[in-house]
Amino acid sequence: MTDLALAGHGGAFPMSAEARALILEYLERARTAMGASPAGDETVRDVEAAIGDQLRRILDDGGQIDRDVTTRVLEQFGPVSSDEEAAPAARAPFLCRIVEGKQISGLCLGLATRADVRVDWLRSIAVILGLFSGGLLVVAYLVALLFAPRMRTTGEYRRAIEADRRREQR
């Protein structure tokens, strides 16, 4: 028996040498897969902590950590890949309509998310400009509704924007 300390856990886990080798190989493959991804180290630490959570449950239930148990635990996690591999190659639309949290069409919410400003300020400015533009902004708003794609949440849109920024930095 040998011990292995995992991120997020105070003590070391007693396990067979084969189980220890499997976990270390898995974590090394995860680090390699994440490469230079900005969140790579954090992701690997999260995976390591989650593996530790599973192993802690096994030990708390009176089990032992051997090759077979470790293999089953690691199969539950599957291979680790970077966001760039999992993310679609398509770029985030410059303008979109966000369904969750919308008041009329979600267009102001999409613009506020893109510009990283408060949506209530943007909505107020849009109403004021709509009144003072003689309806021209209202026409532009209606045209934008025809072409702006929908996204479910602001989080989904922010992730797409962030993926674009990471691609541009490479």
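Worth a mention:
- With the alpha-carbon atoms of region 97-169 aligned to their principal axes, the span from lowest to highest coordinate is 41, 23, 21 Å, starting with the largest.
- Spacing of the two label points (7 Å from each Cα toward its C-beta) at residue 72 and residue 59, in nm: 1.8 nm
- Relative to the longest principal axis of the Cα atoms of the chain, the long axis of helix 154-169 makes an angle of roughly 80 degrees.
- Amide H contacts of residue 13 (H built 1.01 Å from N, in plane; Pro and chain starts excluded): 4, 5, 6 sit under 5 Å, all sequence-distant by 5 or more or on other chains.
- 0 to 90° range, to nearest 10: angle between helix 17-34 axis and the chain longest Cα axis: 20 degrees
- Helix 119-132 vs. the chain, principal-axis angle (Cα, 0 to 90°, nearest 10): 10 degrees
- In the chain, the calculated helix contribution to ellipticity at 222 nm averages -19500 deg cm²/dmol per residue, counting -39,500 (n - 2.57) for every DSSP H run with n ≥ 4.
- Amide proton proximity set for residue 98, modelled H, under 5 Å, gap of 5+: 107, 109, 110, 151
- Pairwise centroid distance, computed over Cα atoms, of region 1-78 with region 111-170, Å: 43 Å
- Region 2-84: C-alpha gyration tensor shape, a/c 1.5 cut-off, then a/b vs b/c: prolate
- FRET efficiency estimate (nearest 0.05) - Cβ-Cβ, residue 167 to residue 2, R0 41 angstrom: 0.45
- GNM result for the chain, Cα springs below 10 Å: residue of 30, 115, 49 fluctuating most strongly: 115
Every number here is computed from the coordinates shown, using simple stated rules; none is lab data. The model shown is predicted, which means the values in this text are computed figures rather than measured ones. Note that we place each Cβ from the backbone using ideal geometry, even for glycine, and neighbour counts take in every protein chain shown.
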